[in-house]
Structures are given as C-alpha cells and as structure tokens.
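Quick note: the coordinates plus some simple rules give every number you see, no bench work behind them. Remember, predicted model here, so these are calculated numbers, not experimental data. Ideal geometry is used to build each Cβ from the backbone, glycine not excepted, and the neighbour counts take in all protein chains shown.
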Amino acid sequence: MGNRTQPAGSRAAGAAPVPQKGGTALRRAADPPRPGQRRGAQLHPAAWWLWSLSLGTAATRTTNPLLLTVLITVSAYVVATRRPDTPWSRSYGAFVKLALAVLLIRLLFATVLGSPIPGTHT
C-alpha cells in the first residue's frame, strides 16, 4: 500500500490530511457539503407532517395578509433547503399550483356570483 499524497496547496495550512480508503476520501463531519449535496440529516416524515399541520393551523387562524405571506415564504424556504433528493420531494410545486388554482376558482365564483359582505343580513 503506497502512501498517497495530496498536491501542494490542496489543503489548508495546519489541517490534517484526509484519510483515504480504496481511492476515495473519507469525509469528516466538519467538512462543508460538496456542490449539489444537501446539508444536514434528513428529517423524519412525522416531523414534516407536524410542521406542515402547524403552518396550516396558523394560516387558518388569521386573515392578516402579512402573516400569511410570512408563512408562505417560510414554508417555501424550508422546503427548498431541507427536502431530500427523492422523486416525491418535488410535490411542493404541485401543491402550490393546486392552491393557486383553488384561489383563482374561488375568486372567479366570488366575482360572477357575488360575494356577500360579512355582517349584512337581507
């Protein structure tokens, strides 16, 4: 077994060499992720469900547009940064499209059929 060396300037000054096994470098926990690689461990599906139900509950309890915008922004950011690289993790976009379609249909019905003003009785 030969001693493998790294080219000069390939590691930080004072850093210990990365051990190698079978031609591939073993990664240390402190190493930053490579481009295209997700950070951190995958979240448990129950954590995703609990988080999404909590956001949904918060969204149904308010009509404040600023708070609703913050909830949507936080949801999009967390999903974009924490989702795993699996086929079903791309479903967030489908649900956003479904939500927009529901909002447009509701707006269309309210415009065509009229929307009663809350608090008025005829």
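General observations
- Value of Rg to Rh for the stretch 43-101, rounded to two decimals, is 0.97; Kirkwood radius and Rg both from alpha-carbon coordinates.
- Efficiency of FRET from Cβ geometry, V112 and A76, R₀ 25 Å, rounded to 0.05: 0.20
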